[in-house]
Amino acid sequence: MRTALKQLMIALILMTCDIRSNSDEGMWLYNDPPYQLLKDKHGFELSEAWLEHLQKSSVRFNSGGSGSFVSEDGLIITNDHIGADALQEFSDAEHNYYRDGFHARTREEEKRCLDLELNVLTSIEDVTDRVNAAVKPGMNAEEAFGARRAVMAEIEKESLEKTRLRSDVVTLYQGGKYHLYRFKKYTDVRLVFAPESQTAFFGGDPDNFEYPRFDLDICLFRAYENEKPARVEHYLKWSASGVSEGDLVFVSGHPGDTSRQLTVAELEYLRDQGYPYSLQRLHGLEVMLLAYSSRSDENARRAKDSLFGVQNGRKAQEGMFAGLLDPQLMAQKQIAQERLRSAVAQDPNAREALPSWDRIAEAEQLIAQNVLRYDLLEGADGFNSALFDIARTIARAVEEKDKPSGERLREFRDSNLESLELRLFSEEPLYDDFEQVKLADSLTWLVEQLGYSHPLVQKVLAGKSPRSRAAELVSGTKLQDVAVRKRLYAGTMAEVEAAHDPMIELAKLIDPEARAVRKILEAQHEVARQAHARIAEAMFALEKTGSYPDATFTLRLAFGTVEGYEENGQRISFQTTFAGLYERAAAHHQKPPFDLPQRWMDRKDRLDLTTPFNFVSTADITGGNSGSPIVNRQGEFVGIIFDGNIQSLALDFLYTDVQARAVSVNSQAIMEALRKVYDAGELADELLGKKRP
């Protein structure tokens with residue numbers, strides 16, 4: 001029987017090659033790294049000290065992305081598109097820092113971000129047994145979900161009170177394991193440097209997810225503690241030599257989400273319903289944002305970050321959808337699943353997992369029947385406004401805060417309140433005209449999806465058109481004022497109701513149905529989670545090592561080699577240079593989005609045009625890895641991830657290194673640009689370890 005199970009494991013990874021010997025697949029847990037794989041394939045001995053140093057040098061941006069410490073004085077590097085929120089918050093009609101860039105030449109000029117939270121992973125603890133023990137035999141799905149939610153909140157609260165560290169219980173292997181992650185948190189974060197957006201995103205949407213690339217997609221921040229730059233023990237030393245073809249490199253970042261361990265039924269739901277819906281919505285949002293942006297330069301500034309996010313998401317999901325439309329991919333998934341089920345059926349110790357696939361399929365059917373209402377109401381696709389998000393948070397907080405932590409909606413648990421309040425009370429500017437346009441568009445979407453005569457739609461519109469209703473709601477709310485938010489958040493339900501804020505009243509109007517559909521999906525996800533746990537147990541019985549869970553926006557280690565690839569019969573080089581940047585701009589006659597800022601044109605003669613600019617590697621990445629440091633065998637910073645090529649988008653479902661590549665900025669390019677284009681010698685010196693005056 002052991003032989004049958006080993007054959008099963010081979011089948012499971014047919015489509016991705018054998019991760020133990022034939023590829024660089026894996027987004028590995030820091031508490032379960034691929035020691036033997038690295039030794040066997042690359043001759044690299046991974047040490048505990050090397051791993052701890054990289055772990056504690058790595059930073060998570062809670063706005064979505066990764067970064068790393070690169071000096072002992074708390075200097076952090078990430079991507080410009082990860083720092084875009086902060087750049088937008090500082091900007092106004094007179095100073096467009098996102099478009100024009102920013103450079104603090106002294107510590108006093110460093111700008112404090114309004115609501116940015118950074119996390120550094122300090123420890124991981126396996127709490128699987130305690131979480132699973134809370135779910136008693138005979139509990140239905142809703143009861144099981146409640147019991148699991150309660151014990152996770154209890155574990156997090158105990159950890160927070162004991163350590164004062166952010167504490168999150170993370171679900172791994174779709175419910176096969178639960179780990180407690182503890183993070184040191186930084187909330188005093190200041191902007192230090194950003195290039196022009198045109199430099200960071202040269203080539204714009206046409207070049208997004210393409211290669212060759214020529215982007216200086218970097219942004220520098222500094223963490224502070226007690227009004228002084230944070231003194232950090234673990235930071236990455238800068239490599240002046242960058243990378244060479246064939247080098248082994250490592251990526252330490254926070255991949256957001258992958259779907260490699262989903263069943264065929266779950267993939268079919270994404271193919272038939274999930275992606276078609278989200279792509280239709282993204283296309284509509286893109287049209288709305290482009291129309292708003294075209295009205296004035298100020299509108300374009302206000303919408304630019306949102307537009308980038310929508311276009312980036314649309315293109316990424318198109319690539320993922322294309323993967324699921326590939327009959328070969330789905331056939332391979334089907335074959336692997338059937339072989340697994342066959343092996344489970346033959347093994348007396350694993351046979352109880354056999355019904356798991358059917359249970360997941362049944363849960364997916366119920367999810368599919370209810371997910372539209374979930375997306376529109378609980379997911380707020382029908383209420384796209386920052387002001388609505390604020391209103392819902394206040395309305396729910398007042399209702400939830402009197403409950404025990406374990407019985408609240410998970411976002412209101414004690415261990416998460418500090419982070420929630422940081423975002424809720426942000427001084428980020430909100431623009432009434434932009435909020436009205438977004439809300440009117442989403443209310444129209446709500447009508448399109450549910451129908452004009454739907455009772456809830458009629459209540460929401462209150463006898464008005466979507467545009468008129470949006471104008472009434474935005475002009476009538478007082479939630480633009482942070483002081484009002486704080487007062488209502490701290491108040492009672494009676495005080496909130498007495499405020500008669502129209503946006504809060506809207507949030508309360510849809511809340512019963514939103515909570516009801518959320519409860520349905522939570523129960524079905526619990527059914528799927530329990531079923532996946534059974535499947536995972538069978539997998540663990542087969543293979544004690546050599547596996548990794550799907551991405552969860554927690555710290556992972558990936559690795560690969562620096563190498564190009566073949567495309568359409570041509571060899572694509574592993575790297576580009578500054579010379580290629582100027583050649584591409586000239587080939588497009590300096591027309592947007594291939595135009596270079598004047599500073600780069602004026603200082604071309606200063607640059608060594610042979611300097612390596614962007615490069616590609618076989619490292620296994622996905623969304624959330626943006627800003628991840630790339631380090632060499634010595635643990636030195638050699639580059640920073642900012643994208644993947646178009647072939648990498650299918651990595652959400654399976655890994656391949658034939659053409660899929662992670663795209664990075666070379667450390668040499670960063671140093672050359674700082675010194676010769678931006679006159680930022682003091683930053684370049686700090687990156688090289690020299691003490692900044």
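The values are calculated or read from the model by the stated rules, or taken from the named source; none is laboratory data. For clarity, every value in this text was computed on a predicted model and none was experimentally measured. As a convention, Cβ positions derive from the backbone with ideal geometry for all residues, glycine included, and neighbour counts pool all protein chains shown.
Let's see how each residue does on (1) touching a residue at least 40 places away in the same chain (Cβ under 8 Å); (2) part of a loop (DSSP other than H, G, I, E, B); (3) surrounded by fewer than 20 Cβ atoms within 10 Å (Cβ to Cβ); (4) not β-branched (Val, Ile, Thr):
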| residue | (1), (2), (3), (4) |
| --- | --- |
| Glu448 | no, no, yes, yes |
| Val474 | yes, no, no, no |
| Val484 | no, no, yes, no |
| Ala507 | yes, no, no, yes |
| Gln524 | yes, no, no, yes |
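Which of the residues belonging to region 589-607 are in contact (Cβ under 8 Å) with a residue 40 or more places away in the chain and closer than 16 Å to Thr577 by Cα? Listed by number, the residues that qualify are Phe594, Leu596, Trp600, Arg603, Arg606, Leu607. Across region 160-203, the number of residues qualifying as within 22 Å of Asp32 (Cα to Cα) and touching a Leu at 6+ places or on another chain (Cβ under 8 Å) comes to 13. Among the strands (runs of 3 or more DSSP E) confined to region 177-278, the ones with at least 1 residues that are farther than 27 Å from Ser415 by Cβ are located at 188-194, 219-225, 248-253. If you take the residues of region 486-505 that are surrounded by fewer than 20 Cβ atoms within 10 Å (Cβ to Cβ) and within 29 Å of the chain's Cα centre (by Cα), which of them is farthest from Arg373 (Cα to Cα)? Once the filter is applied, the top-ranked residue is Lys486.
Would it be correct to say that Asp129 is buried (at least 18 other Cβ atoms within 10 Å of the Cβ) and either part of a loop (DSSP other than H, G, I, E, B) or free of Cβ contacts under 8 Å to residues at least 24 places away in the same chain (or both)?
Details: buried (at least 18 other Cβ atoms within 10 Å of the Cβ): no; either part of a loop (DSSP other than H, G, I, E, B) or free of Cβ contacts under 8 Å to residues at least 24 places away in the same chain (or both): yes.
Here the answer is no, as Asp129 does not meet what is asked.
Note on region 198-231: residues that are without any contact (Cβ under 8 Å) to a residue 60 or more places away in the chain and buried (at least 24 other Cβ atoms within 10 Å of the Cβ) total 0. Residues of region 648-668 that are free of Cβ contacts under 8 Å to residues at least 60 places away in the same chain and surrounded by fewer than 24 Cβ atoms within 10 Å (Cβ to Cβ): Ala660 alone. Only one entry of Ala536, Ala551 meets the criterion of being within 25 Å of Ser47 (Cα to Cα) and either surrounded by 18 or more Cβ atoms within 10 Å (Cβ to Cβ) or among the acidic types (Asp, Glu) (or both), and that entry is Ala551.
Restricting to region 622-650, give me the number of residues that are part of a loop (DSSP other than H, G, I, E, B) and either closer than 12 Å to Gly65 by Cβ or in contact with a Ser or Thr (Cβ under 6 Å, 6 or more places away or on another chain) (or both). Full working, then the answer.
Filtering region 622-650 down to residues part of a loop (DSSP other than H, G, I, E, B) leaves 622-628, 632-636, 645.
Okay, now just the ones that are also either closer than 12 Å to Gly65 by Cβ or in contact with a Ser or Thr (Cβ under 6 Å, 6 or more places away or on another chain) (or both), so 622-628, 636.
Adding up the residues that qualify gives 8.
Quick grid of which residues meet (1) modelled with pLDDT of 95 or more; (2) of a type outside the set (Val, Ile, Thr); (3) touching a Leu at 6+ places or on another chain (Cβ under 9 Å):
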position	(1), (2), (3)
His589	yes, yes, no
Met601	yes, yes, no
Leu607	yes, yes, no
Thr618	yes, no, no
Ile621	yes, no, yes
Val638	yes, no, no
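If only one of Lys157, Lys136 is more than 28 Å from Gly627 (Cα to Cα) and either in a loop (DSSP other than H, G, I, E, B) or modelled with pLDDT under 95 (or both), which one is it? Going through Lys157, Lys136 in turn, just one is more than 28 Å from Gly627 (Cα to Cα) and either in a loop (DSSP other than H, G, I, E, B) or modelled with pLDDT under 95 (or both): Lys136.
From Ala585, Ala579, Ala558, Ala536, which residue is closer than 30 Å to Leu354 by Cβ and not in a loop (DSSP other than H, G, I, E, B)? Full working, then the answer.
On the way: Ala585 fails: closer than 30 Å to Leu354 by Cβ; Ala579 fails: closer than 30 Å to Leu354 by Cβ; Ala558 fails: closer than 30 Å to Leu354 by Cβ.
Matching residue, one of Ala585, Ala579, Ala558, Ala536: Ala536.
Within region 412-419, is there a residue that is surrounded by fewer than 21 Cβ atoms within 10 Å (Cβ to Cβ), in contact (Cβ under 8 Å) with a residue 40 or more places away in the chain and aliphatic (A, V, I, L, M)? Scanning region 412-419 turns up no residue that is surrounded by fewer than 21 Cβ atoms within 10 Å (Cβ to Cβ), in contact (Cβ under 8 Å) with a residue 40 or more places away in the chain and aliphatic (A, V, I, L, M). Selection within region 561-575: residues that are outside any loop (DSSP other than H, G, I, E, B) and polar (S, T, N, Q). The member of this set that is nearest to Asp32 (Cα to Cα) is Thr561.
Yes/no matrix, rows are residues, columns are (1) surrounded by 18 or more Cβ atoms within 10 Å (Cβ to Cβ); (2) of a type outside the set (A, V, I, L, M, F, W, C):
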position	(1), (2)
Gly323	yes, yes
Pro327	no, yes
Gln337	yes, yes
Leu366	no, no
Asp375	yes, yes
Glu378	yes, yes
Phe388	yes, no
